[in-house]
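Participant: Right, I'll just put the structure down here and ask away after.
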Amino acid sequence: MAGLKAKIVDHASNLNGSDKKILNYLLNHAKECSELSLTKLASKLYASESAIFRLCKKIGLSGYSELKFELADYAKGEQHMVKQQETFAERLIKNLRAELSYFRTLDFDRFYQKLHETDNIYIYTTGWQQTSIANYLSSQLLVDAGKPSTIMPSAISELQVFHNWVKDHDQLFVISYSGENEDLCNQLEQLRLVNDKLTITSLTTIKESRLSSLSDFSLYFQPSLYSEKADYKKWGFSPAYVLIDLLIDGYCEWLEREAL
């Protein structure tokens, strides 16, 4: 069954200015209005009961009883969204603090030395969200660290071709959500056989994985859950971007410290 907002959108062509003002008030005060009788609602809106009844018909409702039901249902949905946002905010803050604490435990001197020595940086990803993270990493490497990089298309065939032109001391960043993509890991193992001087740095969620075991440097982040349904989860990846900021800032400080 379509929600109240969907019904309003579907029947927008039938609504005049007064109708829209009433509906806007109803949506903004859904819980309160759902508990009012038709007479009391009409009085609050300075409208006639018949006008409200006609408005119900205009948006495809059978009458005022159905409107009250839709308003109550809409109010519950709005409350649930607020709770989700609050819960997400709490999870996000927790994960960002954990990311900072995790970062402070690591010694990046060897990583920064390898990054400084490399002339060619490549970034490979396994999905659209990972590609967004890769774009940010590439931008920060260039703008703040002065290190240009190439983002490779997310196709195993690209790694197969990569075998042919990878050079000693090249740097390959691999961004993967799970770190368990079998084709990806198999190709990285073959890359190791072709060039054991290639530096591989993985960026995955916080857990040991096959990818992290194949990497010279393993970086971890914890995504924050926006919402969860029976067959779908929506994640926020802010901690990954924060990790990149910390990494690049640390590299710039290392350059100053080493006077390079």
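Participant: Got a sec? Which helices (runs of 4 or more DSSP H) wholly within region 180-260 have at least 2 residues that are open to solvent by 40 Å² or more (accessible area, probe 1.4 Å) and farther than 29 Å from ARG91 by Cα? Can you show your working first?
Facilitator: Working: elements: 182-194, 210-214, 238-258.
In region 180-260, 182-194, 238-258 are the helices (runs of 4 or more DSSP H) which contain 2 or more residues that are open to solvent by 40 Å² or more (accessible area, probe 1.4 Å) and farther than 29 Å from ARG91 by Cα.
Participant: Just to be sure before I move on: is LYS207 farther than 23 Å from LEU115 by Cβ and either in the same structural domain as ARG110 (by the TED database) or among the aromatic types (Phe, Trp, Tyr) (or both) in the structure I sent?
Facilitator: On the way: farther than 23 Å from LEU115 by Cβ: yes; either in the same structural domain as ARG110 (by the TED database) or among the aromatic types (Phe, Trp, Tyr) (or both): yes.
Spelling it out, LYS207 is indeed farther than 23 Å from LEU115 by Cβ and either in the same structural domain as ARG110 (by the TED database) or among the aromatic types (Phe, Trp, Tyr) (or both).
The rows are residues; the columns are (1) in contact with a Ser or Thr (Cβ under 7 Å, 6 or more places away or on another chain); (2) open to solvent by less than 50 Å² (accessible area, probe 1.4 Å); (3) at positive phi; (4) modelled with pLDDT of 90 or more.
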{"position": "LEU27", "(1), (2), (3), (4)": "no, yes, no, no"}
{"position": "LYS31", "(1), (2), (3), (4)": "no, no, no, no"}
{"position": "THR39", "(1), (2), (3), (4)": "no, no, no, yes"}
{"position": "SER43", "(1), (2), (3), (4)": "no, no, no, yes"}
{"position": "SER48", "(1), (2), (3), (4)": "no, no, no, yes"}
{"position": "ALA51", "(1), (2), (3), (4)": "no, yes, no, yes"}
{"position": "CYS56", "(1), (2), (3), (4)": "no, yes, no, yes"}
{"position": "LEU61", "(1), (2), (3), (4)": "no, yes, no, no"}
{"position": "SER65", "(1), (2), (3), (4)": "no, no, no, no"}
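Participant: Right, here's the next one. For GLY60, state whether it is closer than 17 Å to GLY3 by Cβ and more than 34 Å from the chain's Cα centre (by Cα).
Facilitator: Answer is yes for this residue.
Participant: Taking the conditions exactly as written (of a type in the set (Asp, Glu) and open to solvent by less than 90 Å² (accessible area, probe 1.4 Å)), does GLU117 satisfy them or not? Write out each step before concluding.
Facilitator: Values: of a type in the set (Asp, Glu): yes; open to solvent by less than 90 Å² (accessible area, probe 1.4 Å): no.
No: the conditions fail for GLU117.
Participant: Looking only at residues in region 136-176 that are of a type in the set (Phe, Trp, Tyr) and surrounded by fewer than 19 Cβ atoms within 10 Å (Cβ to Cβ), which one is nearest to PHE237 (Cα to Cα)?
Facilitator: So in region 136-176, the residues of a type in the set (Phe, Trp, Tyr) come out as 136, 162, 165, 173.
Applying the additional criterion that residues be surrounded by fewer than 19 Cβ atoms within 10 Å (Cβ to Cβ) yields 136, 165.
On the way: TYR136: 12, TRP165: 32 Å.
Of everything passing the filter in region 136-176, TYR136 is nearest to PHE237 (Cα to Cα).
Participant: For GLN190, only one of the following conditions fails: (1) closer than 24 Å to LEU243 by Cβ; (2) at pLDDT 90 or above. What is its number?
Facilitator: If we test GLN190 against (1) closer than 24 Å to LEU243 by Cβ; (2) at pLDDT 90 or above, just (1) comes out false.
Participant: In region 221-256, what count of residues is obtained for those that are closer than 26 Å to HIS169 by Cα and at pLDDT below 90?
Facilitator: At the first step, the residues of region 221-256 found to be closer than 26 Å to HIS169 by Cα are 221, 240-241, 243-256.
From what's left, at pLDDT below 90: 221.
Residues meeting the conditions: 1.
Participant: For GLU99, all conditions in the list (1) open to solvent by 30 Å² or more (accessible area, probe 1.4 Å); (2) touching a residue at least 40 places away in the same chain (Cβ under 8 Å); (3) of a type in the set (D, E, K, R) hold save one; what is the number of the exception?
Facilitator: (1)
The values are calculated or read from the model by the stated rules, or taken from the named source; none is laboratory data. Computed from a predicted model, the values in this text were never measured in an experiment. As a convention, Cβ positions derive from the backbone with ideal geometry for all residues, glycine included, and neighbour counts pool all protein chains shown. Just so you know, the surface numbers come from the protein's heavy atoms only, side chains and all, with ligands and any DNA or RNA stripped out. Shrake-Rupley method; radii C 1.70, N 1.55, O 1.52, S 1.80 Å.
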